[in-house]
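Just so it is clear, none of the values below were taken in a lab; they were calculated from the coordinates. Keep in mind that what you see is a predicted model, and the values were worked out from it rather than measured. Here Cβ is always computed from backbone atoms with ideal geometry, including for glycine, and neighbour counts include all displayed protein chains.
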Amino acid sequence: MANLNNINVSTLFGSQSGLSGMLSDYNTIRSGSYKKLLKSYYSSAEALSGTSTAKTSNVIDKLLEEKRNPKVSAEQTKTNALLDSSVSNLKSSLATLSKEKSYEDTSEIKASLKNFVTAYNSAIENSKKTTNHAISSNLANAKEVVEEHANELKEIGINLNKDGSLSIDTKKLDTVDMTKVKNLFDTTDALGFGSKLTSRINRASYYTTGSASTANNDAGAVANETKTSAKDLKSSIDAVLAEDLFDKSGDVITSTVKDFIKNYNDTITAAKNSINSGVASNLSTLLSKTNANATELSTIGISVSYDGKLSMDEAKFGDSDSGIAKYVLTNYAKSIQTNASLVNFYASSQSGTSTGYNSSGAYSPSDLVSNMYSSIG
């Protein structure tokens with residue numbers, strides 16, 4: 001572009017991208033250099049063109065405001081709105097497919113499967129173009145779940161295409177065994193397709209327009225609940241791992257293990273509702289490790305339920321050999337100790353995450369750079 005009084009216009013509006021570019025913009029605005037450059041540029045441009053200076057101040061004010069509160073384009077706003085809608089539809093279709101009552105009407109299930117495919121394709125496509133990273137990151141995780149269970153989806157007439165989209169095999173859908181569909185979308189199996197996909201879509205839906213305020217409040221409550229229960233779980237794991245536990249009376253041992261089981265179950269219940277990816281990741285690992293230890297735990301009277309929670313048969317536990325009980329519980333407690341600590345850590349640090357752009361197209365107030373821009377007087 002042409003230079004005016006040795007001021008390069010491209011320097012004015014910046015060519016940097018990412019956090020470093022925005023920080024540079026911030027410093028330029030805060031120091032007053034940006035406004036000086038604008039004034040110099042517009043006075044030079046007007047001198048060359050002979051135009052009036054009456055509107056210069058308004059133009060500069062508008063440009064400064066745009067720098068402080070960047071807006072997305074109309075096209076991007078439309079994309080974000082379409083993403084919101086598709087995530088909402090996807091969540092709705094998954095809710096229908098997970099309800100046992102829905103399977104009383106075969107036509108309703110088939111329609112829900114078609115809605116699921118349509119909404120999923122729309123969500124994935126729009127997530128590639130959205131500015132809302134909070135939604136797109138959770139949809140990326142959802143996409144991984146779908147890919148992981150592609151063979152099971154194919155069995156019920158849903159094919160995974162090379163481009164990552166889904167398509168319906170209408171012939172197979174017409175003759176599909178509804179029991180397979182019901183089992184696949186069941187959300188009570190903590191490690192199953194339905195549970196994993198629904199949790200990711202639910203987390204994505206927290207960041208859709210219109211639910212952000214409620215979501216932030218809900219997320220804070222869930223974070224506090226998860227943090228508290230995980231902290232208690234950490235303490236009860238330490239108690240189970242205490243060297244002298246099995247030197248104590250049977251009542252003390254049973255009480256300690258019951259306390260551990262309660263805190264474990266409370267953590268599972270709270271963490272399942274978390275929108276924090278760190279909590280979700282460590283919860284998944286914790287559930288997998290519990291499932292891997294299920295057989296050994298059953299030998300001392302501790303059962304793992306379908307949703308990953310624990311329960312104790314006190315009589316069987318009391319009759320167990322203390323050496324075996326100590327060995328099983330020590331190995332299991334050690335295996336989940338780190339993940340329990342990380343659930344607590346991520347729940348404690350959940351606040352302050354960016355949710356992308358808000359409904360008007362401006363950066364979310366929780367965004368670091370936007371907070372800095374907002375502080376400019």
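In whole Å, what are the extents of the stretch 74-205 along the principal axes defined by its C-alpha atoms, from largest to smallest?
Largest to smallest, the principal-axis extents are 44, 29, 25 Å.
Ordered by residue, what ³J(HN,Hα) values in Hz, to whole numbers, does the stretch 178-190 give under the Karplus form 6.51 cos²θ - 1.76 cosθ + 1.60, where θ = phi - 60° and Gly and Pro are x?
In residue order, the calculated couplings are 4, 5, 5, 5, 4, 5, 5, 9, 5, 9, 7, 7, 4 Hz.
What number results when the radius of gyration of the stretch 214-348, computed over Cα atoms, is divided by 2.2 N^0.38 Å?
On the way: Rg = 14.9 Å, N = 135, 2.2 N^0.38 = 14.2 Å.
Output field value: 1.05.
For Y206, which sequence-distant residues (separation of 5 or more, or a different chain) have an amide H within less than 5 Å of its own amide H, given hydrogens modelled in the peptide plane?
Under 5 Å from the amide H of Y206 lies no amide H from a residue far enough along the sequence or on another chain.
Between S305 and A242, what is the label-point separation in nm under the 7 Å Cα-to-beta-carbon projection?
The modelled label-to-label distance comes out at 2.8 nm.
Longer than 27 Å from Cα to Cα, which of K258/K289; K227/K289; K196/K262 are they? Say none if no pair is.
Numbers: K258/K289 19 Å; K227/K289 20 Å; K196/K262 23 Å.
Distance filter (> 27 Å) returns an empty set.
Would you list, by chain and number, the aspartates and glutamates whose Cα falls below 15 Å from the Cα of K78, excluding same-chain residues fewer than 8 positions away?
Straight-line reach from K78, under 15 Å: E125.
Treating only the Cβ of Lys, Arg, Asp and Glu as charged (+1, +1, -1, -1), what charge dipole size does the stretch 214-348 show about its Cα centre? Round to the nearest 20 debye.
Values: 12 positive and 16 negative charges, 86 e Å.
It comes to approximately 420 debye.
What whole-number distance in Å separates the alpha-carbon centres of the stretch 167-187 and the stretch 263-338?
So the two Cα centres are separated by 32 Å.
Given points 7 Å out from each Cα along the Cα-Cβ axis, report the K334 to K316 separation in nanometres with one decimal.
2.5 nm
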